[in-house]
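The values are calculated or read from the model by the stated rules, or taken from the named source; none is laboratory data. Nothing here was measured: the structure is a model prediction, and the numbers come from that model. Here Cβ is always computed from backbone atoms with ideal geometry, including for glycine, and neighbour counts include all displayed protein chains.
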Amino acid sequence: MSERRLKLMDIREMIRHIREGRSDRQIGKDLGVDRRTVKRYRQWAQEQGLLTSKLPDHESLLKTLDTTMPEKVPPQNSSKADPYRGRIEALLKEKIKVTAIYDRLREQGYAGSYASVLRLARQIDPKPVEAYVRKECQPGEEAEIDFGYVGMMLDEEGNLRKAWAFVMVLGWSRYAYVEFVFNQKVETWLSCHRNALEFFGGVPQRLVIDNLKSGITQAIWDDPQVQISYRECAEHYGFLILPCRPATPEHKGKVESGVAYVKGRFMGGRGAMSRTKANREVRRWCQEEAGMRIHGTTKQQPRRQFEAVEKARLKSLPSTPYDLAIWKKVTLRQDCHVSFEGSYYSASFLLRGQSLWLCAGARQVRLYNNKYELVATHERATHPGSRQTHRNHYPPEKLPGLERTREG
């Protein structure tokens, strides 16, 4: 495999899609890679036995990659077609096909590939977006998530605060779960997923994320720290994550603006409510009002459709809920510790000054290097200011100093 190797977490996510029986074309579209790349990794994963056996942990998968698919030196980013940009622009304005442009450039001494000319031509004159017929899904196949600002709500102290709504709607029955929150932190996002899946009593095959305008939904695609946390949650429950990208009709959601519907039908005219009361009442509303209405598209009652058909088609929930692990990029300081939420966790002095990945669960904190190799494990601190330290993380010559007390 001569092409540049993908990142570990992207390869792991691709393997999960392949294991679900999806086609190379579908995976390529949803993960933003060429289907030929998907085909190569499918063949590699099959050769390594990764499509039938249990998916290995990060370290084991990395070792397999380094052994069977060592990273190559990145190629040069410049294209041989760049010096001919002006000529390509002029010919495109004349509506000349790229194949003919390639022939004209070769006559002028161009020695590069047709693919280079095609890529540059597409940069200069992108193709218009094609229209697609909206696809319907099978029971248990898909759920859509909408997340957005809904106004002000009262917190436990009676203060008005900005509130957002998390809405998950099953694509076949249109049965919905709604939860109001006060922030867009990744742990809140993951907690909403856990609550929604427990509400449905099962897991759809894939989740489609709508409304990329909110901070957390943008971070899903742009922030590596959020990506890792969300992908780990997805792997725990067994669902795939797909985007509903703006201005792409093929990704058009079957559920039209879940947040707007909640604002108009549930919150309209109620005035300021406490978040606790709103969450209690919106659950009843999902079950008894929104769930029992005749849906405008399906002409059926969502809750009845869910209970009669779709619930049995969902994947089973795992035996234990997700631990809400948070991934964060940290730097090991000179004192051989990293800082997380006001507490400190040690790693080997040999890694001082390096960036590490910190994975914080409810009970444990794990530290990984940039190749996702585990370098330290600690119990999670119970209060700010705590120092979780392993003695062997210090240089040997510094250990005697650890025995000293304030009294000397």
Checked the range 228-259 for anything in a helix (DSSP H, G or I) and modelled with pLDDT of 80 or more; matches are I228, S229, Y230, R231, E232, C233, A234, E235, H236, Y237, V259
Of the residues in the range 353-387, those that are surrounded by 12 or more Cβ atoms within 10 Å (Cβ to Cβ), part of a loop (DSSP other than H, G, I, E, B) and either modelled with pLDDT of 95 or more or not small (G, A, S) (or both) come to Q354, N369, K371, Y372, E373, R380
Selection over the range 41-63 where residues are in a helix (DSSP H, G or I) and crowded, with 16+ Cβ neighbours inside 10 Å yields a count of 7
On the basis of being in contact (Cβ under 8 Å) with a residue 40 or more places away in the chain and among the basic types (K, R), does R12 make the cut?
yes
(request) For the range 273-280, indicate whether the set of residues that are under 26 Å from A234 (Cα atoms) and touching a Gly at 6+ places or on another chain (Cβ under 6 Å) is non-empty. (result) no
Given (1) at pLDDT below 90; (2) surrounded by fewer than 14 Cβ atoms within 10 Å (Cβ to Cβ), L350 misses just (1)
